[in-house]
1. For the chain, the longest stretch holding no chymotrypsin sites (Phe, Trp or Tyr not before Pro) located in a DSSP loop with at most 16 other Cβ atoms within 10 Å is which?
2. Report the Cα-based extents of the range 1-47 along its three principal axes, largest first, to the nearest Å.
3. Sorting HIS7, HIS24 on the 10 Å Cβ count, fewest up front, what's the list?
4. Once fully extended, how much extra length lies between ARG6 and ARG22, figured as 0.36 nm per residue of separation less the alpha-carbon to alpha-carbon distance?
5. How many nm is it between the label spots at THR29 and ARG92, if each spot is 7 Å from the Cα in line with the beta carbon?
6. Check each of the GluC sites (Glu not before Pro) in the range 3-61 and keep only those in coil by DSSP with at most 13 other C-beta atoms within 10 angstrom; list them in order.
7. If the viscosity is 1.002 mPa s and the temperature 20 °C, what translational diffusion coefficient in µm²/s does Stokes-Einstein give for the range 65-109 when Rh comes from Kirkwood over Cα pairs?
8. So if I place +1 on the C-beta of Lys and Arg and -1 on the C-beta of Asp and Glu, and nothing else carries charge, what would the dipole magnitude of the range 2-107 be about its Cα centre? I want it in debye, nearest 20.
Amino acid sequence: MLKSSRHIRVVLAGETIAESRRPHILFETGLPPRYYLPGEDVRMEILTQTERTTVCPYKGTAVYWSAELGGEVFEDIVWSYPNPIPGCPKIRGLLAFYPERVDDIFVDGEPGEKRPPKDRS
């Protein structure tokens, strides 16, 4: 995970819901870069933590949030590791957005790399 000063802007339903110049960038094999943002740079008032959790052997247990905008709910679009494993402390409390579940994640003003959602059936 690398600290960065790149300008990250997350857009959902046509609205900017997160904007940061202090992301942490995580590179994982076979995935686009993941931009983890401080909570202060995210519109937390539109997010509600859900019951969903997942476990990553390299990071720990992730928790998820859904967003509500204009009366529409966007399920589990954000995740975070509030208590990561000891080997991954830099990720604690940072938030990441699924690129395929938001309109776009702009990086320095340019549209980000999107991948179609995986079939989970």
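Laboratory data are not the source of any read-out in this text; all were calculated from the coordinates shown. Nothing here was measured: the structure is a model prediction, and the numbers come from that model. As a convention, Cβ positions derive from the backbone with ideal geometry for all residues, glycine included, and neighbour counts pool all protein chains shown.
1. On the way: sites that count: PHE27, TYR58.
Here the longest segment lacking exposed loop sites spans 59-121.
2. 31, 20, 17
3. Working: HIS7 15, HIS24 18.
Neighbour counts put them in this order, fewest first: HIS7, HIS24.
4. Details: separation 16, 0.36 × 16 = 5.76 nm, distance 0.69 nm.
Between ARG6 and ARG22, full extension yields an extra 5.1 nm.
5. Placing both labels 7 Å beyond Cα along the Cβ direction yields 2.9 nm.
6. On the way: sites: GLU15, GLU19, GLU28, GLU40, GLU45, GLU51; in loops: GLU28.
Loop-located and lightly packed - GLU28.
7. Working: Rh = 12.2 Å.
For the chosen part, D equals 175 µm²/s.
8. Values: 12 positive and 14 negative charges, 147 e Å.
Here the range 2-107 has a charge dipole of around 700 debye.
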